[in-house]
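The values are calculated or read from the model by the stated rules, or taken from the named source; none is laboratory data. It should be emphasised that the depicted structure is a prediction, and the values quoted were computed from it without experimental measurement. Cβ: placed from backbone, ideal geometry, glycine included. Neighbour counts: every protein chain shown.
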Amino acid sequence: MVDKFITYKEELKGFDQSIQNQILNECVSSWKRKNFKTSVLSRRDAEKHLLYRDLLAASKKHCKITKSVNERTLNVIQFHSEASIIRWLAFANTKESNFFLGDYDIFNLNLNTTDTEYKKLTFLNDTCLCFSYVENWLWAEHLAEIFIKNIDIMYDWNESHVFYHDQDIIRNLYKNKYKIFTENEITFENNLISDPDPIEGVVPENCKLLHISHFVHRGFKDSESARLKTINKYKSIYNPI
């Protein structure tokens with residue numbers, strides 16, 4: 001039985017915190033409704049960890065910053081990217097065991113505490129690190145160590161975006177050093193999470209977890225407001241009156 005959901009939030013530059021707090025609150029509410037214990041962590045939790053400076057340095061080491069990088073990217077995207085990596089030390093500092101961790105845009109529609117059983121470290125949306133299972137806090141720390149020791153794999157990283165997220169590191173390792181995962185008994189699954197239809201508002205069939213992601217809303221002029229609008233469409237399902 002897994003009965004804990006832990007998420008992470010920073011007050012990132014360039015994001016409307018009123019909207020972010022609404023998304024966070026609705027997410028936590030969806031998990032509480034299904035009888036999960038919830039925690040919300042922050043940068044302060046990560047900073048307490050002994051590996052913090054090393055992981056922070058790793059998050060910045062191979063970013064492709066040039067004179068042509070615009071100010072919004074420098075002031076917004078880099079901190080969002082950095083937070084996705086740093087958060088693993090916050091998860092490690094919980095000293096918790098047997099928990100789900102995820103972004104605060106993962107909504108629990110129909111996952112109960114007795115529905116699933118996993119072990120060790122399992123990424124539950126394939127190589128997207130929006131949602132994972134951690135058997136023991138040491139696995140979160142171990143992943144941070146893997147990032148630090150293998151960050152030079154990002155030297156030849158060839159993507160259009162300037163700053164890499166934790167999932168960029170994982171995908172690069174998955175492609176070029178998959179043995180790291182098999183040797184460390186880290187596994188990948190993809191059978192719980194569905195994407196919403198932000199236009200039609202139709203719930204995917206047999207949906208347990210709904211990911212109200214930036215990616216799905218990338219075509220909207222104001223993606224954050226669009227995400228909140230999608231959440232309100234589904235609110236009667238995950239948090240009925």
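Computed quantities for the displayed model
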item: Of all residues making up region 102-135, the number that are out of contact with any helix residue (DSSP H, G or I) (no Cβ under 7 Å at 6 or more places or on another chain), closer than 13 Å to Ile186 by Cα and surrounded by fewer than 21 Cβ atoms within 10 Å (Cβ to Cβ); result: 5
item: Some residue of region 219-230 being of a type in the set (Phe, Trp, Tyr) and buried (at least 17 other Cβ atoms within 10 Å of the Cβ); result: no
item: Residue within region 138-147 that is of a type in the set (A, V, I, L, M), more than 14 Å from the chain's Cα centre (by Cα) and surrounded by fewer than 16 Cβ atoms within 10 Å (Cβ to Cβ) present; result: yes
item: Pick from region 1-22, criterion of a type in the set (A, V, I, L, M) and at pLDDT 95 or above, ranking: farthest from Asp45 (Cα to Cα); result: Val2
item: Pairs, first more than 25 Å from Gln20 (Cα to Cα) in region 40-63, second of a type in the set (Ser, Thr, Tyr) and part of a loop (DSSP other than H, G, I, E, B), C-beta under 7 Å, six or more apart; result: Cys63/Tyr164
item: Residue match in region 185-195 (condition: in contact with a Phe, Trp or Tyr (Cβ under 6 Å, 6 or more places away or on another chain) and closer than 19 Å to Ile85 by Cβ); result: yes
item: Among the residues listed as Tyr238, Tyr178, Tyr234, the single one being at pLDDT 85 or above and of a type outside the set (Val, Ile, Thr); result: Tyr178
item: Qualifying positions in region 175-194 - surrounded by 15 or more Cβ atoms within 10 Å (Cβ to Cβ) and of a type in the set (D, E, K, R); result: Glu189
item: Residue match in region 114-129 (condition: touching a Ser or Thr at 6+ places or on another chain (Cβ under 9 Å), more than 23 Å from Val28 (Cα to Cα) and part of a helix (DSSP H, G or I)); result: no
item: Only one of Ser223, Ser160, Ser194 that is under 25 Å from Phe15 (Cα atoms), among the small types (Gly, Ala, Ser) and touching a strand residue (DSSP E or B) at 6+ places or on another chain (Cβ under 9 Å); result: Ser194
item: Criterion: in contact with a helix residue (DSSP H, G or I) (Cβ under 7 Å, 6 or more places away or on another chain) and among the hydroxyl-bearing types (Ser, Thr, Tyr) - qualifying residue of Ser30, Ser39; result: Ser30
item: Residues of region 40-55 classified as part of a helix (DSSP H, G or I) and under 17 Å from the mean Cα position of the chain (by Cα), total; result: 4
item: Matching entry among Leu101, Leu41, Leu109 (being over 30 Å from Met154 (Cα atoms) and touching a Ser or Thr at 6+ places or on another chain (Cβ under 8 Å)); result: Leu109
